[in-house]
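Have a look at the structure below before the remarks.
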Amino acid sequence: MESQKQALRRMAEDIRMRGLSSNTLASYTMHARIFLEFCQRPVDHLDAEDIRQFLSHLVNEKKLSSATVNVYSAAIRFLFAVTLNRTLNYLQIPRQKKRKALPEVLTREEMASILDSCQSLKHKAMLMTVYSSGLRVSEAAALKIQHIDSKTMRIFVRGGKGGKDRYTLLSVACNVSHITSDGISNAFNKAVKKAGITKHVSTHTLRHSFATHLLEDDATLLQIKALLGHASIQSTTVYLHLANVTSGIVSPLDNQSVYRNSEAYSHA
């Protein structure tokens, strides 16, 4: 009979063998461990009802978000389907429907305020790199000197999300240096606080702001998709809802000829 520790160890091996990222390894094994500890039953005896009870506990008692519940669900599905080699009716293990909330975006003025509020030149360079290149924080932390192509002004992102390589922009103003993901997040949070910005933002907001500002500067969705490393154009279209596309547009009611016609009608 397989123990919980053995199952988690084998699950970690399965994840590595499939070439999934270290973030996926850490996330899946942690969420699977919490599931197994909740069930308090031998691994060989677990079934779909155990999964349903656990997910119900997350939704109704823990009040977790749909995104978090779906991460648990994905980890448990991997545990059963791959590691335990169990056939389950996954229609009986529903995924939460995610609320499609638009991400927060910083204005250009807020972005400048954050950069001006950095405590050191190193912190400023880090945040400038994340924002100016649209990097994920983990991608910025993994940057090496050989990834910087100053001749073509590009940054090579090796093994981004989904294991995909890509090129993105290198800003003339950037001075890239190596640091950890936590270091970037800490520097950002301190700068946001010092700048007095009250929006609910994280380092990932820099990536959203990068894409939104590019769209406002007339970059195409296809260009932004390539720079961000999105697998589908659908992921990129969210920035159509964030960009200020009303700039320079006049309401039809404010059009002078329309307004004159309405006045004439009202006095008729």
Margin query: Just the residues that are over 25 Å from SER138 (Cα atoms) and crowded, with 17+ Cβ neighbours inside 10 Å, please, taken from region 11-38.
Written below: PHE35, LEU36
Check: Among the residues of region 45-57, is there at least one that is in contact with a Phe, Trp or Tyr (Cβ under 6 Å, 6 or more places away or on another chain) and under 17 Å from ARG95 (Cβ atoms)?
Finding: yes
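For region 197-213, name all the residues that are surrounded by fewer than 20 Cβ atoms within 10 Å (Cβ to Cβ) and outside any loop (DSSP other than H, G, I, E, B).
Listed by number, the list holds a single entry, HIS204.
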Notebook entry, point to check: Residues of region 227-238 being over 20 Å from LEU127 (Cβ atoms) and in contact with a Ser or Thr (Cβ under 8 Å, 6 or more places away or on another chain), which ones?
Noted result: HIS230
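Return the residue satisfying two criteria in turn: it lies in region 160-180 and is outside any strand (DSSP E or B) and farther than 15 Å from ALA125 by Cβ, and of such residues it is nearest to the chain's Cα centre (by Cα).
It comes out as LYS161.
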Item checked: Subset of region 118-135 that is in a helix (DSSP H, G or I) and among the small types (Gly, Ala, Ser) - its residue that is modelled with the lowest pLDDT -> ALA125
Margin query: Can you tell me which residue is modelled with the lowest pLDDT among those in region 7-27 that are of a type in the set (A, V, I, L, M) and more than 24 Å from GLN40 (Cβ to Cβ)?
Written below: LEU20
Notebook entry, point to check: If you check LEU64 against the conditions, is it surrounded by 15 or more Cβ atoms within 10 Å (Cβ to Cβ), in contact (Cβ under 8 Å) with a residue 12 or more places away in the chain and either of a type in the set (A, V, I, L, M) or in the same structural domain as LYS164 (by TED's automatic domain parsing) (or both)?
Noted result: no
Checklist line | Members of region 24-44 that are in a loop (DSSP other than H, G, I, E, B) and closer than 19 Å to ILE93 by Cβ | finding: ARG41
Notebook entry, point to check: If we keep just the residues of region 241-258 that are at pLDDT below 75 and closer than 21 Å to VAL105 by Cα, which is farthest from the chain's Cα centre (by Cα)?
Noted result: GLY248
Notebook entry, point to check: Hey, does region 72-84 have a residue that's in contact (Cβ under 8 Å) with a residue 12 or more places away in the chain, over 22 Å from LYS161 (Cα atoms) and among the polar types (S, T, N, Q)?
Noted result: yes
Notebook entry, point to check: Just wondering, is there one or more residues in region 149-159 that are part of a strand (DSSP E or B) and in contact (Cβ under 8 Å) with a residue 60 or more places away in the chain?
Noted result: yes
Margin query: Being in the same structural domain as ASP116 (by TED's automatic domain parsing), closer than 25 Å to THR246 by Cβ and at pLDDT 90 or above is true for just one of THR203, THR168, THR212. Which residue is that?
Written below: THR212
Notebook entry, point to check: Does region 182-192 contain any residue that is acidic (Asp, Glu) and not in a helix (DSSP H, G or I)?
Noted result: no
Next item on the list: Evaluate the following for LEU222: is it crowded, with 18+ Cβ neighbours inside 10 Å and either modelled with pLDDT of 90 or more or among the hydrophobic types (A, V, I, L, M, F, W, C) (or both)?
Entry: no
Check: Quick check, is ARG86 more than 21 Å from GLN4 (Cβ to Cβ) and at pLDDT below 90?
Finding: no
Next item on the list: Would you check if LEU8 is surrounded by 17 or more Cβ atoms within 10 Å (Cβ to Cβ), touching a Ser or Thr at 6+ places or on another chain (Cβ under 8 Å), on the phi < 0 side of the Ramachandran plot and assigned by TED's automatic domain parsing to the domain that holds ARG86?
Entry: yes
Next item on the list: Quickly run through region 136-148 and pick out the residues that are assigned to a loop (DSSP other than H, G, I, E, B) and within 12 Å of CYS174 (Cβ to Cβ).
Entry: LEU143
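The values are calculated or read from the model by the stated rules, or taken from the named source; none is laboratory data. As the structure is a prediction and not an experimental result, all values here were calculated from the model. Reconstructed Cβ throughout: ideal geometry from the backbone, glycine too, with neighbour counts over all protein chains shown.
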